[in-house]
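A short worksheet on the structure shown next.
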Amino acid sequence: MQGENKYMMRAIELARLAAAAGEIPVGAVLVDAASGDIVAEAHNLTERDHDATAHAEVLVLRAAGAALQAARLPDCDLYVTLEPCPMCAAAISFARIRRLYFGAYDPKSGGVENAAPFYAQPTCHHRPDVYGGLHEQDCAQLMKDFFKDKR
């Protein structure tokens, strides 16, 4: 990838905040595709909130929905540091996100291109345009460092 993507760089900053708080380092930024404005941003809060669904993607969709007063966000693009899990991939589909950009691939739990590819299912009603591997090495290193420190 040539150059830095400012939205993914912000997602990486959020992932670092998550790691510092003891959360799995995943950050997400939702952007208005027309204006380029950040609508919402979040990082994982599963440990703090004692909530298995408090993934960065779900939290950013909730915040954006509240900010825009809309359940569906077809004019928005999502940047996330890790390939979304099946739960998050489904939420992204239900929100009708226009484009999904993710950093590191997740061969064990990925719900986009790896373990359980949600968008490949015939029952999936909306498939965002997907671009994986954006700042992949930086995003993968966050995960490696976090789990190395945990072991």
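Among the residues of region 50-57, is there at least one that is assigned to a helix (DSSP H, G or I) and closer than 19 Å to TYR131 by Cα?
The answer is yes, given that some residue of region 50-57 is assigned to a helix (DSSP H, G or I) and closer than 19 Å to TYR131 by Cα.
Just one of (1) open to solvent by less than 30 Å² (accessible area, probe 1.4 Å); (2) in contact with a helix residue (DSSP H, G or I) (Cβ under 8 Å, 6 or more places away or on another chain) fails for VAL60. It is (2). Only one entry of GLU83, GLU136 meets the criterion of being open to solvent by less than 40 Å² (accessible area, probe 1.4 Å), among the charged types (D, E, K, R) and within 20 Å of ALA19 (Cβ to Cβ), and that entry is GLU83. Of the residues making up region 1-39, those that are closer than 16 Å to ILE97 by Cβ, hydrophobic (A, V, I, L, M, F, W, C) and assigned to a helix (DSSP H, G or I) are MET8, ALA11. Here is the figure for region 40-49: residues that are under 20 Å from TYR101 (Cβ atoms) and either touching a Ser or Thr at 6+ places or on another chain (Cβ under 7 Å) or not in a loop (DSSP other than H, G, I, E, B) (or both) total 4.
Could we say that ARG72 is over 16 Å from GLY36 (Cα atoms), open to solvent by 20 Å² or more (accessible area, probe 1.4 Å), in a loop (DSSP other than H, G, I, E, B) and modelled with pLDDT of 95 or more here? Spelling it out, ARG72 is indeed over 16 Å from GLY36 (Cα atoms), open to solvent by 20 Å² or more (accessible area, probe 1.4 Å), in a loop (DSSP other than H, G, I, E, B) and modelled with pLDDT of 95 or more. Would you be able to say whether some residue in region 3-25 is out of contact with any helix residue (DSSP H, G or I) (no Cβ under 9 Å at 6 or more places or on another chain), modelled with pLDDT under 95 and not β-branched (Val, Ile, Thr)? Yes, the conditions are met somewhere in region 3-25.
Within the bounds of region 95-109, is there any residue that is touching a strand residue (DSSP E or B) at 6+ places or on another chain (Cβ under 6 Å), open to solvent by 30 Å² or more (accessible area, probe 1.4 Å), part of a strand (DSSP E or B) and closer than 22 Å to ARG10 by Cα? Scanning region 95-109 turns up at least one residue that is touching a strand residue (DSSP E or B) at 6+ places or on another chain (Cβ under 6 Å), open to solvent by 30 Å² or more (accessible area, probe 1.4 Å), part of a strand (DSSP E or B) and closer than 22 Å to ARG10 by Cα.
Restricting attention to region 125-145 and to residues that are at pLDDT 95 or above and assigned to a loop (DSSP other than H, G, I, E, B), the residue that is farthest from the chain's Cα centre (by Cα) turns out to be HIS126. Of the residues making up region 81-135, those that are out of contact with any Cys (no Cβ under 8 Å at 6 or more places or on another chain) and touching a residue at least 60 places away in the same chain (Cβ under 8 Å) are ARG99, TYR101, GLY133, LEU134, HIS135.
The values are calculated or read from the model by the stated rules, or taken from the named source; none is laboratory data. Small disclaimer: the values here were computed from a predicted structure and weren't measured. For neighbour counting, all protein chains shown are included, and Cβ atoms are generated from backbone atoms with ideal geometry for every residue, glycine included. Surface areas here come from the heavy atoms of the whole protein model, side chains and all, with no ligands, DNA or RNA. Shrake-Rupley method; radii C 1.70, N 1.55, O 1.52, S 1.80 Å.
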